[in-house]
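Here is the structure we will look at, set down as C-alpha coordinates.
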Amino acid sequence: MTWTRQKIAAKAARELRNGETVNLGIGLPTLIPDLVPPSLEVVFHSENGMLGVGNASPDGPHDDQLINAGKQPVSSVPGTSFFDSGLSFAMIRGGHVDTAVLGAFQVSQQGDLANWMVPGKLVRGIGGAMDLVLGAKRVIVTMEHVDPAGDPKLVDACTLPVTGHGVVDVVITDRGVFDIVDSRLYLREPAPGVSADDLREVTSARFLPTTD
Amino acid sequence: MSIDKTLHDARAALSGIQDGDSVAVGGFGASGLPTTLVEALLDLGPRDLHIISNNCGADGFGLSRLIEENRVAKFTLSYLGQNQTAARRYLSGDLEVEFVPQGTLAERLRAGGAGVPAFYSPTGRGTMIEFGGLPRRYTSDGDVALESRPRRTETFNGERFLLEEAIVPDFGLVHAHRGDRWGNLRFRVTARNFNPVIAMAARTTIAEVQELLPLSSTSGDDVHLPGVFVDRVVPVADEGEAVDPVPSSAGVRT
(Lines give C-alpha, C1' and ligand atoms only; values in the text may rest on other atoms or scores of the structure.)
Protein backbone atom coordinates (compact mmCIF):
# COMPACT_ATOMS: atom_id res chain seq x y z
CA MET A 1 0.00 0.00 0.00
CA THR A 2 1.54 3.31 -0.99
CA TRP A 3 1.36 6.52 1.02
CA THR A 4 -0.76 9.42 -0.21
CA ARG A 5 0.61 12.92 -0.79
CA GLN A 6 -0.95 13.98 2.51
CA LYS A 7 0.80 11.12 4.29
CA ILE A 8 4.16 11.97 2.68
CA ALA A 9 3.73 15.59 3.75
CA ALA A 10 2.78 14.48 7.29
CA LYS A 11 5.92 12.33 7.49
CA ALA A 12 8.01 15.28 6.30
CA ALA A 13 6.34 17.49 8.94
CA ARG A 14 7.42 15.00 11.61
CA GLU A 15 11.06 15.34 10.53
CA LEU A 16 11.05 18.98 11.58
CA ARG A 17 12.57 20.05 14.89
CA ASN A 18 11.30 22.65 17.32
CA GLY A 19 12.58 26.14 16.62
CA GLU A 20 13.86 25.37 13.10
CA THR A 21 13.68 27.73 10.13
CA VAL A 22 12.35 25.68 7.23
CA ASN A 23 12.08 26.50 3.52
CA LEU A 24 9.30 24.83 1.59
CA GLY A 25 9.53 24.17 -2.14
CA ILE A 26 6.59 24.26 -4.52
CA GLY A 27 4.00 21.49 -4.75
CA LEU A 28 3.72 18.84 -2.03
CA PRO A 29 5.88 20.65 0.57
CA THR A 30 3.27 23.45 0.75
CA LEU A 31 0.97 20.95 2.52
CA ILE A 32 3.41 20.77 5.44
CA PRO A 33 2.49 23.85 7.57
CA ASP A 34 -1.01 22.44 8.22
CA LEU A 35 0.50 19.11 9.35
CA VAL A 36 3.14 20.24 11.84
CA PRO A 37 2.36 18.68 15.24
CA PRO A 38 0.96 21.29 17.71
CA SER A 39 3.85 20.62 20.10
CA LEU A 40 6.33 22.10 17.58
CA GLU A 41 6.92 25.72 16.70
CA VAL A 42 8.67 26.10 13.36
CA VAL A 43 9.29 29.21 11.24
CA PHE A 44 8.61 28.71 7.54
CA HIS A 45 10.74 30.67 5.05
CA SER A 46 9.64 31.52 1.51
CA GLU A 47 12.35 32.48 -0.98
CA ASN A 48 10.37 35.45 -2.30
CA GLY A 49 10.91 37.30 0.94
CA MET A 50 8.95 36.06 3.94
CA LEU A 51 9.62 34.38 7.27
CA GLY A 52 6.54 33.10 9.04
CA VAL A 53 4.56 31.59 6.19
CA GLY A 54 1.17 30.26 7.27
CA ASN A 55 -1.28 28.05 5.44
CA ALA A 56 -1.38 28.03 1.62
CA SER A 57 -4.59 29.16 -0.09
CA PRO A 58 -6.37 30.36 3.06
CA ASP A 59 -10.16 30.32 2.88
CA GLY A 60 -12.01 33.54 2.19
CA PRO A 61 -10.76 36.75 0.57
CA HIS A 62 -7.01 36.85 0.22
CA ASP A 63 -4.25 39.31 -0.56
CA ASP A 64 -3.04 38.81 -4.16
CA GLN A 65 0.34 40.25 -3.34
CA LEU A 66 1.00 37.83 -0.45
CA ILE A 67 2.19 34.62 -2.07
CA ASN A 68 4.58 31.71 -1.51
CA ALA A 69 7.32 30.36 -3.78
CA GLY A 70 4.70 28.48 -5.80
CA LYS A 71 2.83 31.77 -6.32
CA GLN A 72 -0.15 30.59 -4.25
CA PRO A 73 -1.77 32.99 -1.80
CA VAL A 74 -0.70 32.33 1.79
CA SER A 75 -1.43 33.74 5.19
CA SER A 76 1.06 35.32 7.54
CA VAL A 77 1.40 34.41 11.22
CA PRO A 78 2.27 36.34 14.38
CA GLY A 79 6.03 36.99 14.08
CA THR A 80 6.06 37.23 10.27
CA SER A 81 8.70 39.43 8.65
CA PHE A 82 9.03 40.59 5.04
CA PHE A 83 12.27 41.43 3.22
CA ASP A 84 13.75 41.62 -0.27
CA SER A 85 15.23 38.87 -2.44
CA GLY A 86 18.81 39.93 -1.68
CA LEU A 87 18.26 39.43 2.03
CA SER A 88 16.21 36.28 1.45
CA PHE A 89 19.06 34.60 -0.38
CA ALA A 90 21.63 35.93 2.07
CA MET A 91 19.66 33.92 4.65
CA ILE A 92 19.74 30.87 2.42
CA ARG A 93 23.31 31.08 1.09
CA GLY A 94 24.65 32.23 4.46
CA GLY A 95 23.45 29.04 6.15
CA HIS A 96 20.66 30.52 8.28
CA VAL A 97 17.94 28.21 6.97
CA ASP A 98 18.01 24.92 8.87
CA THR A 99 15.99 22.64 6.61
CA ALA A 100 14.79 22.73 3.00
CA VAL A 101 11.99 20.46 1.77
CA LEU A 102 11.72 20.09 -1.97
CA GLY A 103 10.77 17.77 -4.82
CA ALA A 104 12.98 15.91 -7.27
CA PHE A 105 13.16 14.22 -10.62
CA GLN A 106 16.00 12.02 -9.36
CA VAL A 107 18.01 11.45 -6.19
CA SER A 108 21.18 9.35 -6.31
CA GLN A 109 22.39 6.99 -3.62
CA GLN A 110 25.15 9.51 -2.77
CA GLY A 111 22.57 12.25 -2.28
CA ASP A 112 22.88 14.05 -5.62
CA LEU A 113 19.68 15.85 -6.60
CA ALA A 114 18.31 16.56 -10.08
CA ASN A 115 15.16 18.65 -10.12
CA TRP A 116 15.38 21.44 -12.65
CA MET A 117 15.70 20.21 -16.22
CA VAL A 118 14.88 17.36 -18.57
CA PRO A 119 17.07 18.10 -21.64
CA GLY A 120 15.08 18.59 -24.83
CA LYS A 121 11.75 18.26 -23.02
CA LEU A 122 11.34 20.38 -19.95
CA VAL A 123 13.22 23.47 -18.95
CA ARG A 124 11.25 25.19 -16.22
CA GLY A 125 14.31 26.88 -14.82
CA ILE A 126 16.28 26.79 -11.60
CA GLY A 127 14.50 29.10 -9.16
CA GLY A 128 16.01 28.97 -5.69
CA ALA A 129 16.79 25.26 -5.64
CA MET A 130 20.56 25.45 -6.27
CA ASP A 131 20.95 28.06 -3.54
CA LEU A 132 18.79 26.09 -1.10
CA VAL A 133 20.50 22.72 -1.43
CA LEU A 134 23.90 24.22 -0.62
CA GLY A 135 22.74 26.68 2.03
CA ALA A 136 20.34 24.58 4.10
CA LYS A 137 21.87 22.43 6.81
CA ARG A 138 19.43 19.61 6.02
CA VAL A 139 17.65 18.73 2.77
CA ILE A 140 14.52 16.59 2.72
CA VAL A 141 13.19 15.40 -0.63
CA THR A 142 9.53 14.44 -1.02
CA MET A 143 8.66 12.66 -4.27
CA GLU A 144 6.88 9.77 -5.96
CA HIS A 145 9.03 6.64 -5.90
CA VAL A 146 8.75 6.11 -9.67
CA ASP A 147 8.20 8.55 -12.55
CA PRO A 148 5.11 8.57 -14.82
CA ALA A 149 6.83 6.01 -17.09
CA GLY A 150 7.33 3.69 -14.11
CA ASP A 151 11.11 4.22 -13.93
CA PRO A 152 12.94 4.59 -10.63
CA LYS A 153 13.62 8.07 -9.32
CA LEU A 154 15.96 6.84 -6.58
CA VAL A 155 18.92 5.99 -8.80
CA ASP A 156 22.51 4.83 -8.62
CA ALA A 157 23.58 7.98 -10.49
CA CYS A 158 21.61 10.97 -11.76
CA THR A 159 21.20 11.02 -15.52
CA LEU A 160 19.46 14.41 -15.52
CA PRO A 161 21.26 17.74 -14.98
CA VAL A 162 22.19 18.01 -11.32
CA THR A 163 20.97 20.69 -8.92
CA GLY A 164 23.57 19.82 -6.29
CA HIS A 165 25.98 17.00 -5.41
CA GLY A 166 25.72 15.06 -2.18
CA VAL A 167 23.12 17.43 -0.75
CA VAL A 168 20.16 15.22 0.13
CA ASP A 169 19.78 13.89 3.69
CA VAL A 170 16.29 12.35 3.78
CA VAL A 171 14.05 11.03 1.01
CA ILE A 172 10.35 10.41 1.62
CA THR A 173 8.44 8.71 -1.19
CA ASP A 174 5.05 7.04 -1.44
CA ARG A 175 6.82 3.75 -0.72
CA GLY A 176 9.36 4.47 1.98
CA VAL A 177 11.50 6.77 4.06
CA PHE A 178 15.25 6.74 3.38
CA ASP A 179 18.28 8.38 4.96
CA ILE A 180 21.51 9.28 3.20
CA VAL A 181 24.50 9.30 5.52
CA ASP A 182 28.13 9.54 4.38
CA SER A 183 27.09 8.94 0.75
CA ARG A 184 25.18 5.75 1.63
CA LEU A 185 21.44 5.20 1.25
CA TYR A 186 19.57 3.52 4.09
CA LEU A 187 15.96 2.35 4.17
CA ARG A 188 14.45 3.64 7.40
CA GLU A 189 10.81 2.70 6.99
CA PRO A 190 8.94 1.02 4.11
CA ALA A 191 5.26 1.84 3.54
CA PRO A 192 2.84 -0.75 5.02
CA GLY A 193 2.82 -3.96 3.00
CA VAL A 194 5.94 -2.95 1.05
CA SER A 195 8.97 -5.18 1.51
CA ALA A 196 12.62 -4.31 0.94
CA ASP A 197 12.54 -6.61 -2.10
CA ASP A 198 9.48 -4.80 -3.49
CA LEU A 199 11.48 -1.61 -3.18
CA ARG A 200 14.52 -3.08 -4.89
CA GLU A 201 12.41 -3.71 -8.00
CA VAL A 202 11.61 -0.01 -8.32
CA THR A 203 14.88 1.46 -7.08
CA SER A 204 18.08 1.44 -9.11
CA ALA A 205 20.03 2.90 -6.18
CA ARG A 206 21.59 0.44 -3.79
CA PHE A 207 20.23 0.75 -0.28
CA LEU A 208 21.02 -0.85 3.05
CA PRO A 209 18.71 -1.50 5.96
CA THR A 210 19.06 1.02 8.77
CA THR A 211 21.33 -0.25 11.53
CA ASP A 212 20.79 1.54 14.81
CA MET B 1 13.58 74.49 -7.17
CA SER B 2 12.60 71.36 -5.31
CA ILE B 3 13.40 67.73 -6.00
CA ASP B 4 10.37 66.22 -7.68
CA LYS B 5 10.80 62.87 -9.38
CA THR B 6 7.06 62.47 -9.93
CA LEU B 7 5.69 61.91 -13.41
CA HIS B 8 2.02 61.21 -13.99
CA ASP B 9 2.34 59.75 -17.50
CA ALA B 10 3.80 56.22 -17.51
CA ARG B 11 4.94 56.42 -21.13
CA ALA B 12 6.71 59.71 -20.50
CA ALA B 13 8.35 58.11 -17.46
CA LEU B 14 9.95 55.51 -19.74
CA SER B 15 11.49 58.03 -22.11
CA GLY B 16 15.00 57.13 -23.12
CA ILE B 17 14.46 53.38 -23.45
CA GLN B 18 15.85 52.48 -26.88
CA ASP B 19 16.04 49.36 -29.04
CA GLY B 20 18.63 46.97 -27.65
CA ASP B 21 18.56 48.33 -24.08
CA SER B 22 18.64 46.12 -20.98
CA VAL B 23 15.62 46.50 -18.70
CA ALA B 24 15.31 44.79 -15.32
CA VAL B 25 11.77 44.34 -14.05
CA GLY B 26 10.77 43.69 -10.47
CA GLY B 27 8.26 41.12 -9.31
CA PHE B 28 7.98 37.48 -8.32
CA GLY B 29 5.25 36.17 -10.60
CA ALA B 30 2.57 38.84 -10.53
CA SER B 31 3.38 39.92 -6.96
CA GLY B 32 5.22 43.22 -7.09
CA LEU B 33 5.22 43.31 -10.89
CA PRO B 34 5.10 46.93 -12.17
CA THR B 35 2.18 46.17 -14.50
CA THR B 36 1.49 49.78 -15.51
CA LEU B 37 5.11 50.33 -16.52
CA VAL B 38 5.26 47.03 -18.43
CA GLU B 39 2.10 48.03 -20.34
CA ALA B 40 3.67 51.39 -21.10
CA LEU B 41 6.86 49.67 -22.32
CA LEU B 42 4.73 47.60 -24.67
CA ASP B 43 3.01 50.79 -25.94
CA LEU B 44 6.28 52.64 -26.34
CA GLY B 45 7.56 49.91 -28.65
CA PRO B 46 11.34 49.46 -28.25
CA ARG B 47 12.61 46.15 -29.64
CA ASP B 48 15.59 43.77 -29.23
CA LEU B 49 15.39 44.30 -25.48
CA HIS B 50 17.35 42.34 -22.92
CA ILE B 51 14.83 41.75 -20.10
CA ILE B 52 16.06 40.73 -16.65
CA SER B 53 13.44 39.47 -14.23
CA ASN B 54 12.90 36.49 -11.95
CA ASN B 55 10.07 35.18 -14.15
CA CYS B 56 8.61 35.90 -17.58
CA GLY B 57 4.93 35.97 -16.65
CA ALA B 58 2.00 33.73 -17.53
CA ASP B 59 1.07 33.35 -21.21
CA GLY B 60 -0.82 36.44 -22.32
CA PHE B 61 0.13 38.56 -19.31
CA GLY B 62 2.82 40.96 -18.15
CA LEU B 63 6.30 40.28 -19.48
CA SER B 64 5.03 37.44 -21.65
CA ARG B 65 3.24 40.07 -23.76
CA LEU B 66 6.61 41.65 -24.56
CA ILE B 67 7.83 38.27 -25.80
CA GLU B 68 4.64 37.67 -27.79
CA GLU B 69 4.99 41.07 -29.45
CA ASN B 70 8.57 40.27 -30.50
CA ARG B 71 10.19 42.95 -28.37
CA VAL B 72 12.64 40.70 -26.52
CA ALA B 73 15.92 39.42 -27.94
CA LYS B 74 17.25 38.00 -24.67
CA PHE B 75 15.69 37.08 -21.31
CA THR B 76 17.71 36.58 -18.12
CA LEU B 77 15.62 34.80 -15.50
CA SER B 78 15.66 32.14 -12.82
CA TYR B 79 12.36 30.39 -13.55
CA LEU B 80 10.34 30.15 -16.74
CA GLY B 81 7.69 27.88 -15.23
CA GLN B 82 4.70 26.97 -17.35
CA ASN B 83 5.07 29.79 -19.87
CA GLN B 84 4.57 28.15 -23.27
CA THR B 85 5.35 31.28 -25.30
CA ALA B 86 8.84 31.67 -23.90
CA ALA B 87 9.58 27.94 -23.97
CA ARG B 88 8.51 27.62 -27.60
CA ARG B 89 10.51 30.64 -28.77
CA TYR B 90 13.57 29.55 -26.80
CA LEU B 91 13.51 26.07 -28.31
CA SER B 92 12.89 27.40 -31.85
CA GLY B 93 15.72 29.91 -31.75
CA ASP B 94 13.64 33.11 -31.51
CA LEU B 95 14.63 33.96 -27.96
CA GLU B 96 17.92 33.78 -26.10
CA VAL B 97 17.41 32.65 -22.49
CA GLU B 98 19.97 32.91 -19.71
CA PHE B 99 19.00 30.82 -16.68
CA VAL B 100 20.47 32.14 -13.43
CA PRO B 101 19.88 30.67 -9.97
CA GLN B 102 17.51 33.00 -8.12
CA GLY B 103 19.93 33.91 -5.34
CA THR B 104 22.69 34.59 -7.83
CA LEU B 105 20.35 36.86 -9.80
CA ALA B 106 19.45 38.81 -6.67
CA GLU B 107 23.08 39.16 -5.61
CA ARG B 108 24.33 40.10 -9.09
CA LEU B 109 21.81 42.95 -9.11
CA ARG B 110 22.62 44.00 -5.54
CA ALA B 111 26.32 43.97 -6.40
CA GLY B 112 25.63 46.04 -9.50
CA GLY B 113 23.95 48.66 -7.37
CA ALA B 114 26.62 48.47 -4.70
CA GLY B 115 29.66 49.00 -6.93
CA VAL B 116 30.90 45.44 -6.45
CA PRO B 117 31.94 44.22 -9.93
CA ALA B 118 32.06 40.53 -9.10
CA PHE B 119 31.79 38.16 -6.17
CA TYR B 120 32.14 34.50 -5.33
CA SER B 121 29.15 32.28 -4.61
CA PRO B 122 28.81 28.53 -3.94
CA THR B 123 25.56 28.30 -5.86
CA GLY B 124 25.68 25.99 -8.84
CA ARG B 125 28.86 24.26 -7.72
CA GLY B 126 29.15 20.98 -9.65
CA THR B 127 26.30 21.80 -12.05
CA MET B 128 25.95 23.14 -15.57
CA ILE B 129 26.07 26.61 -14.04
CA GLU B 130 29.70 26.00 -13.09
CA PHE B 131 30.71 23.92 -16.08
CA GLY B 132 28.79 25.74 -18.83
CA GLY B 133 27.10 24.04 -21.75
CA LEU B 134 23.55 25.11 -20.95
CA PRO B 135 21.85 26.15 -24.21
CA ARG B 136 21.25 29.90 -24.36
CA ARG B 137 20.11 30.05 -27.94
CA TYR B 138 19.06 27.41 -30.46
CA THR B 139 19.07 27.56 -34.25
CA SER B 140 15.74 27.25 -36.05
CA ASP B 141 16.64 23.59 -36.64
CA GLY B 142 16.97 22.92 -32.92
CA ASP B 143 20.77 22.76 -32.77
CA VAL B 144 22.53 24.73 -30.06
CA ALA B 145 23.77 28.08 -31.40
CA LEU B 146 25.11 29.51 -28.13
CA GLU B 147 25.92 27.84 -24.81
CA SER B 148 26.44 29.21 -21.33
CA ARG B 149 30.11 29.75 -20.49
CA PRO B 150 31.84 28.01 -17.59
CA ARG B 151 32.41 30.04 -14.46
CA ARG B 152 35.85 30.81 -13.18
CA THR B 153 36.30 29.35 -9.70
CA GLU B 154 38.44 29.94 -6.65
CA THR B 155 38.95 27.92 -3.49
CA PHE B 156 38.30 29.39 -0.07
CA ASN B 157 38.44 27.38 3.16
CA GLY B 158 38.86 24.21 1.11
CA GLU B 159 35.66 24.71 -0.94
CA ARG B 160 35.20 25.79 -4.54
CA PHE B 161 33.24 28.98 -5.33
CA LEU B 162 32.01 30.40 -8.62
CA LEU B 163 32.89 33.91 -9.79
CA GLU B 164 29.72 35.81 -10.70
CA GLU B 165 29.62 39.27 -12.25
CA ALA B 166 27.40 42.20 -11.34
CA ILE B 167 24.41 43.14 -13.48
CA VAL B 168 23.94 46.85 -14.18
CA PRO B 169 20.83 47.23 -16.37
CA ASP B 170 20.24 50.38 -18.42
CA PHE B 171 16.75 50.70 -16.91
CA GLY B 172 14.89 49.26 -13.95
CA LEU B 173 11.11 49.08 -13.62
CA VAL B 174 9.91 48.53 -10.06
CA HIS B 175 6.67 48.45 -8.12
CA ALA B 176 6.15 49.83 -4.62
CA HIS B 177 3.23 50.39 -2.29
CA ARG B 178 4.14 53.93 -1.26
CA GLY B 179 6.56 56.52 -2.52
CA ASP B 180 7.29 60.21 -2.36
CA ARG B 181 8.80 62.89 -4.62
CA TRP B 182 12.31 62.09 -3.41
CA GLY B 183 11.86 58.53 -4.65
CA ASN B 184 11.77 56.94 -1.20
CA LEU B 185 9.89 53.65 -1.47
CA ARG B 186 7.97 51.40 0.87
CA PHE B 187 6.81 47.93 -0.12
CA ARG B 188 4.00 45.59 0.98
CA VAL B 189 4.32 41.98 2.03
CA THR B 190 5.91 39.68 -0.59
CA ALA B 191 5.50 42.28 -3.34
CA ARG B 192 8.92 43.59 -2.26
CA ASN B 193 11.07 40.71 -3.66
CA PHE B 194 13.41 41.93 -6.44
CA ASN B 195 12.23 45.53 -6.50
CA PRO B 196 14.84 46.97 -4.09
CA VAL B 197 17.87 45.29 -5.69
CA ILE B 198 16.71 46.27 -9.19
CA ALA B 199 16.17 49.85 -8.05
CA MET B 200 19.76 49.85 -6.76
CA ALA B 201 21.29 48.26 -9.85
CA ALA B 202 19.66 50.05 -12.77
CA ARG B 203 21.24 53.17 -14.22
CA THR B 204 17.79 54.74 -14.50
CA THR B 205 15.09 53.45 -12.14
CA ILE B 206 11.42 54.11 -12.70
CA ALA B 207 9.10 53.21 -9.81
CA GLU B 208 5.33 52.89 -10.01
CA VAL B 209 3.72 53.48 -6.62
CA GLN B 210 0.20 52.69 -5.44
CA GLU B 211 0.21 55.70 -3.11
CA LEU B 212 2.16 58.92 -3.55
CA LEU B 213 2.74 60.53 -0.17
CA PRO B 214 3.87 64.02 0.79
CA LEU B 215 7.45 64.14 2.08
CA SER B 216 6.39 65.19 5.54
CA SER B 217 4.08 62.23 6.17
CA THR B 218 6.69 59.52 6.40
CA SER B 219 9.18 58.79 9.13
CA GLY B 220 12.67 57.86 7.94
CA ASP B 221 12.15 54.50 9.63
CA ASP B 222 9.26 53.75 7.26
CA VAL B 223 11.46 53.95 4.16
CA HIS B 224 12.47 50.51 2.80
CA LEU B 225 14.46 51.79 -0.18
CA PRO B 226 16.03 55.26 -0.01
CA GLY B 227 15.15 57.60 -2.87
CA VAL B 228 18.79 58.02 -3.92
CA PHE B 229 18.35 54.84 -5.97
CA VAL B 230 15.22 56.03 -7.74
CA ASP B 231 14.98 58.47 -10.64
CA ARG B 232 11.29 58.66 -11.57
CA VAL B 233 8.12 57.99 -9.58
CA VAL B 234 4.79 57.25 -11.26
CA PRO B 235 1.64 57.09 -9.14
CA VAL B 236 -0.71 54.38 -10.44
CA ALA B 237 -4.18 53.20 -9.50
CA ASP B 238 -4.37 50.22 -7.14
CA GLU B 239 -3.92 47.05 -9.22
CA GLY B 240 -3.59 43.40 -8.53
CA GLU B 241 -4.66 43.76 -4.94
CA ALA B 242 -7.65 41.82 -3.60
CA VAL B 243 -10.63 43.86 -2.43
CA ASP B 244 -10.45 42.51 1.12
CA PRO B 245 -6.86 41.94 2.24
CA VAL B 246 -6.81 39.49 5.13
CA PRO B 247 -5.19 40.98 8.22
CA SER B 248 -3.19 38.53 10.31
CA SER B 249 -4.24 38.21 13.93
CA ALA B 250 -1.03 39.95 15.05
CA GLY B 251 -1.69 42.92 12.81
CA VAL B 252 1.21 42.79 10.38
CA ARG B 253 2.49 46.32 10.00
CA THR B 254 2.02 47.84 6.54
Sort out for me the Cα centre separation of region A:42-95 from region B:79-137, rounded to whole Å. 23 Å
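Within 10 Å of each Cβ of B:180-188, how many other protein chain Cβ atoms are there on average?
On the way: counts 0, 0, 0, 0, 0, 0, 0, 5, 4.
Shielding by partners across B:180-188 averages 1.
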Which percentage, to the nearest 5, of the DSSP beta bridges contained in chain B is antiparallel? 35 percent
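Only bridges with both residues in chain A count here: give the DSSP antiparallel percent, nearest 5. If you can, show how the numbers build up before the last one.
Working: 22 of 40 bridges.
Around 55 percent of the beta bridges assigned by DSSP in chain A are antiparallel ones.
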For region B:40-126, what is the accessible area per residue in Å², given a 1.4 Å probe and the full set of protein chains? 33 Å²
The simple spin-label model distance between A:Ser183 and A:Thr4, using points 7 Å out along Cα→Cβ, in nm, is 4.1 nm
Compute and list, largest first, the equivalent-ellipsoid semi-axes of the protein assembly as shown from the alpha carbon gyration tensor, each √(5λ) rounded to a whole angstrom. 39, 26, 19
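What does the helix-only formula give at 222 nm for chain B: each DSSP H stretch with n ≥ 4 adding -39500 (n - 2.57), the total divided by the residues, and the result rounded to the nearest 500 deg cm²/dmol?
-5500 deg cm²/dmol
Could you work out, residue by residue across A:56-68, how many beta carbons of other chains sit within 10 Å of that residue's beta carbon, and then give the average as an integer?
Mean shielding count: 6.
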Within 10 Å, count the other beta carbons around each residue, average over each peptide in A:102-111, B:127-136, B:31-40, and list them highest first. B:31-40, A:102-111, B:127-136
If you only keep lysine pairs separated by 8 or more in sequence, or across chains, how many in the protein assembly as shown come under 27 Å at the Cα atoms? 13
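Using the Cα gyration tensor of region A:92-212, with a ≥ b ≥ c the square roots of its eigenvalues, what is the shape: rounded (a/c below 1.5), prolate (a/b larger than b/c) or oblate (neither)?
Details: a/c = 2.04, a/b = 1.27, b/c = 1.61.
Cα axes put region A:92-212 in the oblate bin.
Taking the Cα centre of region A:64-143 as the origin, how large is its charge dipole in debye, to the nearest 20, when only Lys and Arg (+1) and Asp and Glu (-1) carry charge on their Cβ atoms?
For region A:64-143, the charge dipole is close to 180 debye.
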What residue among B:Gly227, B:Leu134, B:Gly179 has its Cα farthest toward the positive end of the dipole of the protein assembly as shown, where the charges are +1 on Lys, Arg and -1 on Asp, Glu, each on the Cβ? B:Leu134
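Taking the DSSP beta bridges in region A:115-179 as the whole, what percent of them are antiparallel, to the nearest 5? All intermediate terms of the calculation are to be shown ahead of the outcome.
Details: 6 of 9 bridges.
That works out to approximately 65 percent antiparallel.
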From the residues A:Ile26, A:Met1, A:Ser108, which one has its Cα farthest along the dipole of chain A in the positive direction, the dipole being from +1 and -1 charges on Cβ of Lys/Arg and Asp/Glu about the Cα centre? A:Ser108
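Quick one: if the Förster radius is 56 Å, what FRET efficiency do A:Ala196 and B:Ala73 give, using the C-beta to C-beta distance and rounding to 0.05? The partial results should precede the final answer.
Values: r = 54 Å, r/R0 = 0.97.
According to the calculation, E is roughly 0.55.
Listed highest first by mean packing, meaning other Cβ atoms within 10 Å per residue, what order do B:107-113, B:226-232, B:188-194, A:4-10 come in? The partial results should precede the final answer.
Details: B:107-113: 24.3, B:226-232: 19.1, B:188-194: 28.9, A:4-10: 16.4.
Ranking the peptides B:107-113, B:226-232, B:188-194, A:4-10 by packing returns B:188-194, B:107-113, B:226-232, A:4-10.
Nearest 20 debye, what's the magnitude of the dipole of region A:1-130 about its Cα centre given +1 on Lys and Arg Cβ and -1 on Asp and Glu Cβ?
Values: 9 positive and 11 negative charges, 102 e Å.
The calculation lands at about 480 debye.
For the protein assembly as shown, which whole-number percentage of the solvent-accessible area (1.4 Å probe, protein heavy atoms only) is attributable to carbon and sulfur atoms?
On the way: 9510 of 19470 Å².
About 49 percent, which is the carbon plus sulfur part of the accessible surface.
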Applying the gyration tensor rule to the Cα atoms of region B:107-166 (axes a ≥ b ≥ c; rounded if a/c under 1.5, else prolate if a/b exceeds b/c, else oblate), the class is oblate
Going toward the positive end of the dipole of region A:151-212, with +1 on Lys and Arg Cβ and -1 on Asp and Glu Cβ, which of A:Val167, A:Leu199, A:Leu187 do you reach last? A:Val167
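Leaving out ligands, DNA and RNA, calculate the buried accessible area for the pair A and B with a 1.4 Å probe, summed over both sides, in Å² to the nearest 100.
Values: alone 10590 and 12630 Å², together 19470 Å².
Interface between A and B: roughly 3800 Å².
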If you roll a 1.4 Å probe over the heavy atoms of the protein chains, what accessible area per residue do you get for chain A, in Å²? 41 Å²
Residues in region B:50-88 that, when all protein chains are in place, have 40 Å² or more less accessible area than the chain alone would give (probe 1.4 Å): B:Tyr79
Is region A:10-82 rounded, prolate or oblate when judged by the Cα gyration tensor, a ≥ b ≥ c being the square roots of its eigenvalues, rounded requiring a/c under 1.5 and prolate requiring a/b larger than b/c? prolate
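So if I place +1 on the C-beta of Lys and Arg and -1 on the C-beta of Asp and Glu, and nothing else carries charge, what would the dipole magnitude of the protein assembly as shown be about its Cα centre? I want it in debye, nearest 20.
Values: 42 positive and 58 negative charges, 116 e Å.
Here the protein assembly as shown has a charge dipole of around 560 debye.
The values are calculated or read from the model by the stated rules, or taken from the named source; none is laboratory data. All of these numbers come straight from a predicted model, not from anything done at the bench. Positions of Cβ are backbone-derived with ideal geometry, glycine not excepted, and every protein chain shown enters the neighbour counts. Calculation scope for accessible area: heavy atoms of the full protein, side chains included, ligands and nucleic acids excluded. Shrake-Rupley method; radii C 1.70, N 1.55, O 1.52, S 1.80 Å.
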